[in-house]
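> Here it is, the structure, as structure tokens.
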Amino acid sequence: MEIKNVTVAGGGVLGSQIAFQSAYSGYNVTIWLRSEGSIGRCKPKIDYLRETYLKTLDAMKTDPRAYAYGLMAQEDVTPESCEAAKAKVEAAYKNLKLTTDWDEAFGDADFVIEAVAESVEQKVAFYEELAKHLPEKTLVVTNSSTLLPSQFAEATGRPAKYGALHFANEIWSHPTAEVMRHAGTSDETFETTIAFASSIRMIPLRVNKEQPGYLLNSMLVPFLNAAEALWANEVGDPIDIDRAWTLGTGAPAGPFRILDIVGLTTAYNIGIMDPRSKDPSTVQYRIVSRLKEKIDKGELGLNAGKGFYDYGKK
């Protein structure tokens with residue numbers, strides 16, 4: 001199957017990145033958003049990605065440490081190729097479409113990537129409406145962090161043409177693309193999704209059977225939960241917990257810096273899936289309560305300008 005028209009449903013942290021990287025790779029890309037307010041919140045993310053891609057390409061001209069796999073092959077990096085790639089960035093920025101109209105977004109889509117909120121109810125409602133607007137040809141994948149495609153396959157109306165495609169954050173430099181099938185996913189859908197991931201300069205990782213959290217988040221979520229528990233139990237503050245990790249392991253970022261990148265709303269939505277989060281005697285309850293306090297203050301993470309760290313006004 002040839003893919004030309006890609007629609008990303010949702011313009012959050014990862015949705016905006018997936019859309020921009022797909023447009024940079026030459027696809028016709030539309031971002032579907034629920035409201036005009038959502039469009040307003042998405043536009044600064046697209047502005048940020050344009051600036052980040054351009055700065056990265058400039059840095060790559062002279063500094064090998066700045067190399068980002070998603071922008072080009074390492075052997076192709078020259079000052080001239082980096083300058084040429086900047087034209088691709090500008091074209092992606094110019095040609096990305098943002099809309100709230102279902103038919104405009106999905107009526108001729110070849111490939112739909114769902115990146116709406118990490119909520120079973122919201123995803124089911126989205127898929128049931130989406131099914132009314134898709135042509136027969138369209139393949140659909142979810143970028144869900146923890147939920148399984150089998151939970152939504154029937155709601156899509158096309159279970160054989162549905163699977164999962166999960167990205168890491170900052171996909172231009174962390175180019176993992178985990179491709180996971182459910183029991184009803186066709187071989188063609190699975191292989192086409194792998195080919196699409198390669199075509200946008202991601203490295204496809206095959207997840208051979210359904211696993212909440214895929215490969216990466218099966219390791220990452222328990223790590224973040226352990227750090228959140230230290231914070232919620234007032235054992236340490238986020239800065240010192242991060243320092244313990246970065247100084248002790250040499251990692252470039254600690255768990256709370258990672259949570260800011262992921263976004264606190266996503267962390268909260270994952271947290272409330274745990275039934276223990278409703279019991280005030282548990283650490284899970286304290287974690288989601290403290291996350292909710294920060295969310296209510298607008299401290300949503302990197303893209304909001306403040307989370308556990310202050311990034312300046314966005």
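> Would it be correct to say that Gly184 is of a type in the set (Gly, Ala, Ser) and at positive phi?
no
> Tell me, which residue of region 59-111 that is basic (Lys, Arg) and in contact (Cβ under 8 Å) with a residue 60 or more places away in the chain is farthest from Val6 (Cα to Cα)?
Result: Lys88.
> Here is a further query. Somewhere in region 63-74, is a residue more than 27 Å from Thr193 (Cα to Cα), touching a helix residue (DSSP H, G or I) at 6+ places or on another chain (Cβ under 6 Å) and modelled with pLDDT of 95 or more?
Yes; the residues of region 63-74 include at least one that is more than 27 Å from Thr193 (Cα to Cα), touching a helix residue (DSSP H, G or I) at 6+ places or on another chain (Cβ under 6 Å) and modelled with pLDDT of 95 or more.
> I need the full set of residues from region 168-180 which are crowded, with 19+ Cβ neighbours inside 10 Å and at pLDDT 95 or above, in order please.
Result: Ile171, Trp172, Pro175, Ala177, Glu178, Val179, Met180.
> In region 75-189, which helices (runs of 4 or more DSSP H) lie fully inside it and hold 1 or more residues that are aromatic (Phe, Trp, Tyr) and farther than 21 Å from Met273 by Cβ?
79-95, 102-106
> Within region 258-301, track down each residue that is of a type in the set (S, T, N, Q), over 19 Å from the mean Cα position of the chain (by Cα) and assigned to a helix (DSSP H, G or I).
Passing the criteria: Ser277, Gln284, Ser289.
> For region 1-40, what are the residues that are part of a helix (DSSP H, G or I) and out of contact with any helix residue (DSSP H, G or I) (no Cβ under 9 Å at 6 or more places or on another chain)?
Ile18, Glu36, Gly37, Ser38, Ile39, Gly40
> Okay, next question. Residues to consider are Tyr27, Tyr53; find the one that is buried (at least 24 other Cβ atoms within 10 Å of the Cβ) and more than 16 Å from the chain's Cα centre (by Cα).
Tyr53
The values are calculated or read from the model by the stated rules, or taken from the named source; none is laboratory data. Not measured: the values here are computed from a predicted model. When we count neighbours, we look across all protein chains shown, and the Cβ atoms used for this are built from the backbone with ideal geometry, even at glycine.
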